[in-house]
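These notes are about the structure you will find just below.
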Amino acid sequence: MEDIAKKFEHLYQVISNPEFLRMESLGGEIPFFIAAFDPKQQVEVDKAIRSLSNKLETNGITVLELNLYEIAMELLDKELGEGEIFELEKTMDKKEFKEALQSILDINQVLIPKIKMKIESHNASVYFLTGIGLVFPFIRSHNVLNNLQNVAKKAPTVAFFAGDYNGYSLELFGLMKDDNYYRAFNIANYKLKK
């Protein structure tokens with residue numbers, strides 16, 4: 001198991017660095033970073049993300065957390081009525097339910113515009129993308145990341161990913177390859193200038 005305290009101290013050092021916040025030294029690449037972690041450490045990571053956000057905020061670095069699960073639930077409640085998605089789930093088989101969710105939460109027409117609205121109404125220094133594992137398989141991480149790059153331009157994005165990222169592909173829960181995604185940096189490999 002990975003030392004979460006050590007991992008998040010590194011994240012703090014990187015994210016609080018002015019060079020990182022100004023999105024320098026990216027060689028023209030988009031400012032997207034993957035913070036992969038062992039899915040078995042999800043509860044510990046959730047606490048560490050809250051702690052990291054508080055520590056950054058205390059030091060004047062504004063964080064906007066984009067929790068995909070919370071955003072999806074907000075959209076579903078608005079479309080269907082609060083909690084109605086759970087009633088709908090009881091009446092459909094898994095395939096129909098997945099298709100219904102994907103239709104309601106259409107990446108281009110619904111989800112990304114909602115995220116864009118949140119970004120534009122918040123003057124954040126950094127965006128945290130969380131809840132990725134909670135929305136699988138209804139929302140796929142590579143789809144979100146590919147579409148998010150068009151709206152999350154004003155600040156770096158750190159995606160907290162329950163699984164593995166080798167710089168080329170995302171493997172959710174360390175088991176399921178979620179298509180190739182070459183455009184993000186593995187934040188564990190980010191080196192601070194001395």
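FYI, it's all coordinate maths here, none of it is from the lab. Bear in mind the structure is a predicted one, so any value in this text is a computation, not a measurement. Glycine gets a Cβ as well: all are built from the backbone with ideal geometry, and neighbour counts include every protein chain shown.
Would you calculate, for the chain, the mean residue ellipticity at 222 nm contributed by helices, counting each DSSP H stretch of 4 or more residues as -39,500 (n - 2.57) and dividing by all residues, to the nearest 500?
One gets -12500 deg cm²/dmol as the mean residue ellipticity at 222 nm.
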Ordering of 34-42, 56-64 by packing [mean C-beta count within 10 Å, highest first]: 34-42, 56-64
Alpha-carbon Rg with Dmax, taken over the chain, Å: 16.8, 59
Cut-off under 5 Å, modelled amide H: who pairs with N186 long-range: I34
Spatial separation of Cα centroids for the range 1-41 and the range 74-132, in angstrom: 26
Inter-label distance for L26 and K40, nm, one decimal - labels placed 7 Å from Cα along Cα-to-Cβ: 3.5
Pairwise FRET efficiency - E9 versus S121, Cβ, R0 = 25 Å, nearest 0.05: 0.20
Gyration tensor over alpha-carbon atoms, the range 43-136, equivalent ellipsoid semi-axes in Å: 29, 16, 10
Descending principal axes extents, the range 10-84, alpha-carbon based, whole Å: 46, 30, 26
